[in-house]
There are 2 protein chains.
Amino acid sequence: MTYAVGLLLNEGMVLLSDTRTNAGIDHISSYRKMFRFEVPDERVIVILTAGSLSVTQATIARLQEAIEDPEATADTSILLAPSLLKVAEMIGATLWSVREAMDRRLHTNGSFGQASMIVAGQRRGGVMRMFLIYPEGNFIEATEDTPFLQIGEHKYGKPILDRIVRPETSLADGQKAVLLSMDSTLRSNLSVGMPLDLAIIERDACRVSHVRRIEAGDDDFRAMSEAWSAALREGFTKIVLLP
Amino acid sequence: MTYAVGLLLNEGMVLLSDTRTNAGIDHISSYRKMFRFEVPDERVIVILTAGSLSVTQATIARLQEAIEDPEATADTSILLAPSLLKVAEMIGATLWSVREAMDRRLHTNGSFGQASMIVAGQRRGGVMRMFLIYPEGNFIEATEDTPFLQIGEHKYGKPILDRIVRPETSLADGQKAVLLSMDSTLRSNLSVGMPLDLAIIERDACRVSHVRRIEAGDDDFRAMSEAWSAALREGFTKIVLLP
């Protein structure tokens with residue numbers, strides 16, 4: 001499994017994904033699930049992926065190929081598309097066409113290779129936008145009412161986001177929130193695993209402002225995780241049980 | 001949906017379930033999902049249910065009918081069965097036979113009416129035991145390593161249990177933990193809803209020691225929920241973001 005989350009905040013966007021992939025419990029590996037596409041200062045697009053690795057890798061490869069094609073146009077390359085909405089449409093269509101080709105071969109009627117993606121980006125002159133692409137290629141968008149999107153094993157880490165994340169949350173608090181959300185998920189589900197990829201896109205920067213890989217055994221992450229456990233236990237002891 | 005949870009602690013067992021049931025979003029009702037069977041001081045059995053209401057109601061009705069049958073034996077009545085293990089087997093077999101009858105009628109091959117149950121109990125002279133009965137009628141048991149069992153919409157409320165619940169946790173802390181676990185679930189999933197049913201079975205009491213229904217708008221529960229939110233936010237502000 002995977003857990004990946006994106007926050008759309010007033011100050012910018014915060015993105016975090018794990019790297020564990022498994023095809024059966026004896027075939028567990030690490031794969032990057034965060035992909036950056038940039039024309040610095042003009043546009044930035046970050047894609048997080050969850051689900052069938054063969055589908056997500058093929059989708060990313062096709063998007064990359066289309067970008068590198070010398071005859072790339074606004075209809076084929078996500079770095080030339082006229083809007084982020086169009087980018088989301090192109091990614092959704094690519095994802096679906098990859099799955100459809102396998103489905104035809106396997107006669108699996110749409111059930112092959114479930115995969116979903118979070119697409120976050122901004123182009124110069126536009127606003128920041130973040131989309132969740134469903135396995136069928138359709139998508140929804142993060143809004144002020146729903147300033148975060150999650151894919152993969154998302155339930156364990158949702159309560160803390162529900163309580164903390166608002167559009168006015170700072171980028172620093174946003175990073176803390178996604179890391180603690182991931183921490184809860186790592187504790188509750190073995191199939192989500194380190195290392196983690198964290199990226200920040202500041203508003204109007206039109207580039208990835210900050211990126212960090214957090215390795216297994218990272219001292220800072222462990223300290224944060226332990227501090228959060230201690231804070232939860234301390235908070236818990238202060239709660240008065242209903243009479 | 002449903003969320004129900006049971007803790008098997010050294011001091012006793014703590015059980016909590018919600019009451020919301022839906023058959024389509026315009027047909028939402030409250031149904032009790034906690035059922036008590038007692039021969040006070042001799043044996044106590046509490047069953048929590050999740051899943052298809054027609055299946056769980058029919059299963060409970062059959063168990064009740066078998067208890068009331070004047071010719072009830074140790075093989076038919078869960079109040080006469082020689083062990084809690086046997087009780088779990090009888091409940092699992094009843095659940096499966098209810099589903100199987102509907103499956104035959106509908107030709108649905110085992111997919112009709114998914115339902116699961118938590119069975120907690122003790123009989124005089126035996127130890128406390130707690131089982132999770134799967135839709136197929138097989139089951140697992142809570143142990144020292146895994147002192148809690150959950151059914152239904154269980155993921156949102158798992159992180160706090162993972163962090164807090166140990167066999168040596170007190171009954172008071174156990175109650176706080178399940179109520180806060182339920183609170184996280186209520187906030188994240190609309191299909192789980194108040195009122196709640198809480199029951200405590202103290203060790204060796206062989207009866208339900210304490211039972212409480214927590215209605216929507218219960219002031220004590222709301223105060224507890226708000227105190228927990230405040231504690232989480234306060235704890236969150238103290239966490240130092242990794243550099």
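Just so you know, all these numbers are worked out from the coordinates, no wet-lab data involved. What you are looking at is a predicted structure, and each value in this text was computed from that prediction instead of being measured. Positions of Cβ are generated from backbone atoms using ideal geometry, with glycine treated the same way; all protein chains shown enter the neighbour counts.
Data for the structure
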quantity	calculated
Difference of contour (0.36 nm per residue) and Cα-Cα distance, B:Ala61 to B:Glu168	35.0 nm
Dipole-positive endmost among B:Ile133, B:Pro159, B:Thr76 within chain B (Cβ charges, Cα centre)	B:Pro159
Other-copy label distances relative to B:Asp145, 7 angstrom Cα-Cβ extension, nm	4.6
Label distances, nm, B:Pro167 versus same residue in remaining copies, Cβ-directed 7 Å point	5.2
Förster radius 45 Å - calculated FRET efficiency between B:Ser97 and B:Glu144 (Cβ-Cβ, nearest 0.05)	0.90
Axis-nearest residue in chain B [Cβ, rotation onto A], distance in whole Å	B:Lys155, 2
Per-copy distances of the A:Gln114 label point, shortest first, in nm (7 angstrom along Cα→Cβ)	1.0
In Hz, Karplus ³J(HN,Hα) per residue of segment A:194-202 (6.51, -1.76, 1.60; θ = phi - 60°; x = Gly, Pro)	5, x, 10, 10, 10, 9, 10, 10, 6
Cross-link pairs A:Lys86/A:Lys176; B:Lys86/B:Lys155; A:Lys86/B:Lys155; A:Lys176/B:Lys155 - those with Cα-Cα distance over 27 Å	A:Lys86/A:Lys176; B:Lys86/B:Lys155; A:Lys86/B:Lys155
Charge dipole magnitude, Cβ of K and R +1, D and E -1 - chain A, Cα centre, debye nearest 20	420
Given charges at beta-carbon only (K, R positive; D, E negative), |dipole| of the protein assembly as shown in Debye	40
Distance between modelled label sites at A:Ser83 and A:Ser229, nm, 7 Å Cα→Cβ extension	4.8
DSSP loop GluC sites (Glu not before Pro) with at most 15 other Cβ within 10 Å excluded, longest remaining stretch of chain B	B:72-135
On Cα atoms only, tilt of A:219-238 relative to the major axis of chain A in degrees	50
Nearest 10 degrees, 0 to 90: helix B:84-106 Cα axis against chain B principal axis	80
Contact order relative to length of chain B, as percent, for alpha carbon pairs under 8 angstrom and 6 or more apart	28
Whole-Hz couplings from phi, Karplus 6.51/-1.76/1.60, listed for segment B:206-212; x for Gly and Pro	6, 7, 6, 7, 7, 9, 8
Global geometry of the protein assembly as shown, whether rounded, prolate or oblate, following the gyration tensor of its Cα atoms and the 1.5 cut on a/c	prolate
Under 5 Å, built H, 5+ apart or other chain: amide partners of B:Thr169	B:Asn10
Test item: B:177-187 mean partner chain Cβ contacts at 10 Å	2
